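Report on one structure; see the data block that follows.
The values are calculated or read from the model by the stated rules, or taken from the named source; none is laboratory data. What you see is a predicted model, and the numbers here were worked out from it, not measured in a lab. Cβ: placed from backbone, ideal geometry, glycine included. Neighbour counts: every protein chain shown. Quick note on the areas: whole protein, heavy atoms, side chains included, nothing else; ligands and nucleic acids left out. Shrake-Rupley method; radii C 1.70, N 1.55, O 1.52, S 1.80 Å.
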Amino acid sequence: MNENLFSSFITPTMMGLPIVIAITMFPSIMFPSPSRLINNRLISIQQWLVQLTSKQMLSIHNQKGQTWALMLMSLILFIGSTNLLGLLPHSFTPTTQLSLNLGMAIPLWAGTVITGFRHKTKASLAHFLPQGTPLPLIPMLVVIETISLFIQPMALAVRLTANITAGHLLIHLIGGASLALMSISTITAMVTFTILILLTILEFAVALIQAYVFTLLVSLYLHDNT
């Protein structure tokens with residue numbers, strides 16, 4: 001119980017060197033490229049899920065927005081697989097690091113904004129000033145809309161970081177409580193352990209949902225700018 005509560009969020013090192021890059025690249029092994037004429041069941045299920053997700057996410061986009069299909073699918077697969085691997089014992093979850101999430105959110109957000117200003121300049125500028133705004137409120141609304149635009153990548157990164165970190169902390173706290181209660185009350189420990197199992201199942205769902213939400217918001221930003 002004396003273990004540091006945030007020790008699982010410390011970047012792991014090997015021989016004094018950080019290995020977070022290797023951990024970040026590891027999920028790509030889970031999605032092998034098909035090399036046979038007839039795929040096995042695992043690859044068939046994988047392709048079916050990717051096709052279903054891409055069809056649902058890209059249905060709102062025009063032809064220009066659909067060129068981002070590979071980027072969006074790679075993003076949701078990376079975040080989802082990283083979140084799931086982080087639920088394994090003695091593992092490290094890169095998406096609990098705000099720096100990594102900002103590193104994903106800022107370039108994607110900037111790409112959608114630049115695309116909007118390049119191809120829909122008037123419509124993009126019109127977002128800063130809603131139609132019918134009274135003249136005295138124009139400067140204030142322009143400032144507010146500008147701030148809300150620059151907050152979007154921060155909201156993307158903080159949402160993902162907070163949800164994944166909170167789930168890991170809850171699992172850590174309830175797991176520690178279950179071990180401490182074993183010597184005090186077996187019945188109470190079993191009840192706590194049952195709660196831990198249910199919370200772990202919930203975290204598996206949260207890992208996938210947060211990957212979908214992150215990618216969906218990027219997709220919506222892209223839809224507004226194409």
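Hey, can you tell me all the residues within the range 75-130 that are among the hydroxyl-bearing types (S, T, Y) and touching a Leu at 6+ places or on another chain (Cβ under 8 Å)?
S91, T93, T95, T112, T115
Out of L199, L222, which single residue is open to solvent by less than 40 Å² (accessible area, probe 1.4 Å), over 28 Å from S59 (Cα atoms) and either assigned to a helix (DSSP H, G or I) or touching a residue at least 40 places away in the same chain (Cβ under 8 Å) (or both)?
Going through L199, L222 in turn, just one is open to solvent by less than 40 Å² (accessible area, probe 1.4 Å), over 28 Å from S59 (Cα atoms) and either assigned to a helix (DSSP H, G or I) or touching a residue at least 40 places away in the same chain (Cβ under 8 Å) (or both): L199.
Does I174 qualify as being in a helix (DSSP H, G or I), modelled with pLDDT under 90, of a type outside the set (S, T, N, Q) and farther than 17 Å from T95 by Cβ?
Yes: the conditions hold for I174.
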